[in-house]
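The values are calculated or read from the model by the stated rules, or taken from the named source; none is laboratory data. What you see is a predicted model; the values in this text were computed from it and never measured. Here Cβ is always computed from backbone atoms with ideal geometry, including for glycine, and neighbour counts include all displayed protein chains.
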Amino acid sequence: MTNETATGQIIIVGAGECGGRAAVALRERGWKGKVTVVGEETLPPYERPQLSKGFLTKKVETSTFGNADSTKFGPLEIEHLVNVKVESLDRAAHSLSLADGRHLSYDRLLLATGASARRPSIPGGEMALCLRTSADAENIRTRLHPGRKVVIIGGGLIGLEVAASATIQGCSVTLIERNDKVLSRCAPISIAGIVEARHRAEGVRFIFGTGVKSIEDRTDGLLVSTTAGLTLDADVVIAGIGALPNVALAKAAGLAVDNGISTNEFLQTSDPDIYAAGDCASTVHPLLDGVRLRLESWRSALEQGERAARNILGEDVRQGTLPWFWSDQFELCLQVVGLPQTGGTTIERWLSPDALLNFHLDGEGRLVAASAVGQLNLIAKDIRVAEMLIARRARPDPRLLAEPTYRLKTLLAA
Amino acid sequence: MIANWIDACAAGDIENEDVIRFDHEGQTFAIYRTEDDRYFATAGLCTHEAVHLSSGLVMGTIIECPKHNGRFDFTSGKAKGAPVCVDLRTFPVKVEDDRVYVQIDA
């Protein structure tokens, strides 16, 4: 499509960060036709990362949720249909059927349907609260009073962030993790150790190596039973056990799905008139030797949304930013760029006793990922430099990487 | 309005192509030094989520927020696109006798 065909209709399914960015990017690139964003929530696009952190600890309120793009919907004449689900997609007719009976026609479609929190499939699993939307977060927040017993299932990012927030709110927190350490999916063991120690120092209890068998509703609260035979009383149970991509619409319409809606490196699905981006999309990543990846992160949601919009308008921009995420727990900040598990050798750079950067090198000495934990002002610059080195496929001298007094930025000039 | 020149730091306290934080009377600033030894000052917090920009990386005349990679041109304060859309406030800077002075409205 080109900007001159001002009569066309572009529809975006999903009004999260990705869909919102895509809609605004279409206008920024000069698209004059119609843009409609269809969302199941009632709020304009907002930033989800704060839900588990600032919102649970009452530092931010829903009134200030809207992100930079959401404020532009009105001025840029972007139509936002709220609180409505898309029931079906008819690719041959280029049309969508909405739950309220409306039908919408599109020339190009972007699926930015996001992901949903995975729920524990155990007896009583429905009593575990999940955190995905602002409504979920509000529901959890009203229950985090001082002295409340909170049991968290899952030691990943959401579980740990909620554990920190609940502790800050004065709750007594126990976290149950199936593996023998936290963050086993996304961070190296050295970082997991620092994070766990920080939580323990704040009073969080950990139960490792066991799953949850059931949750029972007792008159005086909930009873959580582990697979190892332990029982715990709880006022609130929160599950942070991952997310599942929202692919039902795409699947029913016959689009290729492979752990997410499959796209090529241009974010185009198996139907050339349909694109997918953000948490719902599994995309071919050019920087990672064409590995197919589904990223659940704030930054990739924004970037893929923007790139999909540009490609819809006829550009050919590859999806090519490295995976990157951050987490905040107490005053500790975690940042990871690239995929640490693709590296064979790890070089440690200790910036302080509790600030560590890991550089992950592949068999040829090439930097493929970096992971860090510590105070933001100690780690952020180095992670950003590492990201640029990874994108350049650099092979930095490991001795320099390990030397904390060496200014890492110097490597960029090489 | 009386313009106040505040002695912020020594010229050598900031490395080339870098930034430091400067706090003064309850306000926080970011002071920058370019590769070619020019000095600039902006408000210290990102307009997106109030993160200290001094923790971020300077590349040329761009400061990148350490949290969400929002970018600003620190010579003009201009926001360079999502997720930031509000420009940074800038403040005049002068260097005299190897000291960096920032002009802050009194």
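Key figures
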item	result
Residues within the range A:122-162 that are assigned to a loop (DSSP other than H, G, I, E, B) and either more than 13 Å from A:G242 (Cα to Cα) or assigned by TED's automatic domain parsing to the domain that holds A:H94 (or both), tallied	12
Residue, farthest from B:F91 (Cα to Cα), within the range B:38-79, restricted to residues that are of a type in the set (S, T, N, Q), within 11 Å of another protein chain (Cβ to nearest Cβ) and touching a Leu at 6+ places or on another chain (Cβ under 7 Å)	B:S55
Matching residues, the range A:258-294, being in contact with a strand residue (DSSP E or B) (Cβ under 7 Å, 6 or more places away or on another chain) and of a type in the set (G, A, S)	A:G260, A:S262, A:S270, A:A276, A:A277, A:A281, A:S282, A:G290
The range A:306-339 - residue that is more than 21 Å from A:K381 (Cα to Cα) and in contact with an Asp or Glu (Cβ under 7 Å, 6 or more places away or on another chain) and, of those, surrounded by the fewest Cβ atoms within 10 Å (Cβ to Cβ)	A:R318
Qualifying residue in the range A:340-347 (condition: buried (at least 19 other Cβ atoms within 10 Å of the Cβ) and either within 30 Å of A:I12 (Cα to Cα) or within 14 Å of chain B (Cβ to nearest Cβ) (or both))	no
Residue check, A:E364 within 14 Å of another protein chain (Cβ to nearest Cβ) and farther than 17 Å from B:E64 by Cα	no
Some residue of the range B:86-97 being within 14 Å of chain A (Cβ to nearest Cβ), of a type outside the set (S, T, Y) and under 21 Å from A:K409 (Cα atoms)	no
Matching residues in the range A:67-101 - criterion: being over 18 Å from A:G16 (Cα atoms), in a loop (DSSP other than H, G, I, E, B) and of a type in the set (D, E, K, R)	A:R91, A:D100
Residue list for the range A:37-58, filter: hydrophobic (A, V, I, L, M, F, W, C), in a loop (DSSP other than H, G, I, E, B) and within 14 Å of chain B (Cβ to nearest Cβ)	A:F55
Residue selected from the range A:13-33 under the condition more than 14 Å from chain B (Cβ to nearest Cβ) and surrounded by fewer than 19 Cβ atoms within 10 Å (Cβ to Cβ), by the criterion nearest to A:A248 (Cα to Cα)	A:G33
Subset of the range A:281-302 that is in contact (Cβ under 8 Å) with a residue 60 or more places away in the chain and either among the acidic types (D, E) or surrounded by 20 or more Cβ atoms within 10 Å (Cβ to Cβ) (or both) - its residue that is nearest to B:K67 (Cα to Cα)	A:W298
Of all residues in the range A:59-74 being more than 10 Å from chain B (Cβ to nearest Cβ) and among the hydrophobic types (A, V, I, L, M, F, W, C), the one that is nearest to A:L332 (Cα to Cα)	A:F65
Which listed residue, of A:G203, A:G156, A:G170, A:G193, is crowded, with 19+ Cβ neighbours inside 10 Å and either within 22 Å of the chain's Cα centre (by Cα) or within 18 Å of A:E331 (Cβ to Cβ) (or both)	A:G156
Selection count where residues are closer than 20 Å to A:L244 by Cβ and over 22 Å from the mean Cα position of the chain (by Cα), scope the range A:89-120	1
Of residues in the range A:48-68 being at pLDDT 90 or above and in contact with a Gly (Cβ under 9 Å, 6 or more places away or on another chain), the one nearest to A:I168 (Cα to Cα)	A:S52
Residue check, B:V95 farther than 27 Å from A:T71 by Cβ and crowded, with 22+ Cβ neighbours inside 10 Å	no
A:T71 vs. criteria under 30 Å from A:R91 (Cβ atoms) and either at pLDDT 95 or above or out of contact with any Phe, Trp or Tyr (no Cβ under 8 Å at 6 or more places or on another chain) (or both)	no
Those residues of the range A:367-414 which are more than 17 Å from A:L322 (Cβ to Cβ), hydrophobic (A, V, I, L, M, F, W, C) and within 11 Å of chain B (Cβ to nearest Cβ), in sequence order	A:L376, A:L378, A:A413
Residue count for the range B:1-38, restricted to those that are surrounded by fewer than 19 Cβ atoms within 10 Å (Cβ to Cβ), closer than 11 Å to B:V100 by Cβ and under 10 Å from the mean Cα position of the chain (by Cα)	1
